[in-house]
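The values are calculated or read from the model by the stated rules, or taken from the named source; none is laboratory data. Note that this is a predicted model, so its numbers are computed, not measured. Glycine gets a Cβ as well: all are built from the backbone with ideal geometry, and neighbour counts include every protein chain shown.
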Amino acid sequence: MSSPGKRLRVLLVTQFYYPDVTACAFRMQETAKLLADYGCDVHVIAGEPHKGQVEGLSGDDERIKISRVKLVKYEGKGKWNYIAHYLSFMFGAVKACRRHTGQFDIIWASSPPLFTGLAGLAISWLKKAHFCLDIRDIWPESAVVAGQIREDSFLFKAAKVVEYVLYRAAAEITCVARPMAEYIEKASGGRKPLIVYNAIPERMTTAVALPVDPHPSPLSILYIGNMGYCQNLSLVIEAAELLKKSNVTDIRFVLVGNGIEKLMLEAAIGAKGLDNVEIHGLVSKDRAIEMIRQAHALMLHLKDDGTMDKTIPSKVFDYMVGGRPILYGLKGEACDILSSNSGNLYYNPADPSQLAAQAVFLRDNYQRTATAAAANLAAVKREFLRERMAERLYEAFKELCKTA
């Protein structure tokens, strides 16, 4: 390992990396670039691009050496194909570390899946480096919520053992929310994780929010992101149907993204004859932020499950950049952040009638609510910039190397 004061050699192990369009891909790529800005020698082992790509994007940076690992494709073909998909990255990542010669100071592996953590641990032994584990979702519980494995299965029980081993083996644990840190501390027998929020790059912020249209008609409420089981976007279809039955014609939901439930959502819209919901495909992160700024309002929720309460969706910070009202069905720290602004409106994530009611309230009180929501932008710039999170991580890495 390097002695204190020398350039840190850091290897990131992540199944998802730009140009994949996922929160993990953005987190890891943006952090890698910032660590390079701080003078680190940064390397990355990542899966081949496979998650919601947008044509024309590239994740290359000449300062960062990136190795790509070929994956067994997973297309909803069952739990064993799902496991094979993740195992292919685990074994491929360990093999790929031979392309990154010499010793390293830090191996930072991002989970889920936990298999990435196992790869990071093995690579840390081979490279004689500190093993640091990044937790973005509590796994395997989040896999249960997503319908990928059962809680009473052998896979779940085995994964819980792996989870404990990784928590105990890591020299440092990072995570993305306070409730998650509390869970990890309890599950690991006292390890205190470093909270590194998903955050937003400063370049994606502006000095002020765009001017408010006092009476938008129709009122457009935007969701942008993954369309998976955990996002439970069928709730939006149900809310739109309730509004239609109540003859509310001046509220429109706009869903942008991709995911395993997209076809089901499109079929439901057609079957119910809803003209107040529209769906569009994936866009780049920069285009997403532009759409967020231009939206009248924003919306997000997760399945009403205790596991989901422990995380903060990265969209919370993306949405706050827009300075627009946010309708949210979230609990835990995400709820704490959004509820501090009266321009954001809570609804029960299991009750479509509450979403419909809050949409009507927003329409009837738009100018006042939108004016208050402008403070979302100031809050994210004050507390949740990616640069500050990367600096926090860098300082932790340096401290680890000092105490070696």
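One residue stands out among those in the range 181-198 that are modelled with pLDDT under 95 and outside any helix (DSSP H, G or I): the one that is nearest to Thr22 (Cα to Cα), which is Asn198. Note on the range 151-180: residues that are of a type in the set (Gly, Ala, Ser), part of a helix (DSSP H, G or I) and farther than 18 Å from Phe397 by Cα amount to 2. When residues in the range 177-201 are screened for being among the polar types (S, T, N, Q) and within 21 Å of Asp305 (Cβ to Cβ), 1 of them pass.
Kindly evaluate Ala96 against the criterion of being at pLDDT 95 or above, part of a helix (DSSP H, G or I) and buried (at least 24 other Cβ atoms within 10 Å of the Cβ). Against the criterion (at pLDDT 95 or above, part of a helix (DSSP H, G or I) and buried (at least 24 other Cβ atoms within 10 Å of the Cβ)), Ala96 does not qualify. For Asp336, the conditions (1) closer than 28 Å to Leu243 by Cα; (2) of a type in the set (Asp, Glu); (3) at pLDDT 95 or above are fulfilled apart from (1). Selection within the range 207-231: residues that are touching a residue at least 40 places away in the same chain (Cβ under 8 Å) and of a type in the set (Ser, Thr, Tyr). The member of this set that is farthest from Leu298 (Cα to Cα) is Tyr229. Against the conditions (1) out of contact with any strand residue (DSSP E or B) (no Cβ under 8 Å at 6 or more places or on another chain); (2) assigned to a loop (DSSP other than H, G, I, E, B); (3) more than 25 Å from Ala372 (Cα to Cα), His215 satisfies every one except (3).
Taking the conditions (1) buried (at least 20 other Cβ atoms within 10 Å of the Cβ); (2) in contact with a helix residue (DSSP H, G or I) (Cβ under 6 Å, 6 or more places away or on another chain); (3) at pLDDT 95 or above in turn, Ala268 satisfies each one other than (1). Annotation: of all residues in the range 155-169 being within 28 Å of Asp105 (Cβ to Cβ) and more than 22 Å from the chain's Cα centre (by Cα), the one that is surrounded by the most Cβ atoms within 10 Å (Cβ to Cβ) is Val162. Among residues of the range 125-136 that are under 14 Å from Arg98 (Cα atoms) and assigned by TED's automatic domain parsing to the domain that holds Cys97, those with a beta-carbon under 9 Å from a residue that is surrounded by fewer than 21 Cβ atoms within 10 Å (Cβ to Cβ) and aliphatic (A, V, I, L, M) at least six positions away or on a different chain give the pairs Leu126/Val94; Lys128/Met1.
Among the residues making up the range 391-404, those that are free of Cβ contacts under 8 Å to residues at least 40 places away in the same chain and either of a type in the set (A, V, I, L, M) or part of a helix (DSSP H, G or I) (or both) are Glu395, Glu399.
Might you let me know whether the range 241-257 holds any residue that is loosely packed, with under 14 Cβ neighbours inside 10 Å, in the same structural domain as Tyr366 (by TED's automatic domain parsing) and in a helix (DSSP H, G or I)? Within the range 241-257, one or more residues are loosely packed, with under 14 Cβ neighbours inside 10 Å, in the same structural domain as Tyr366 (by TED's automatic domain parsing) and in a helix (DSSP H, G or I).
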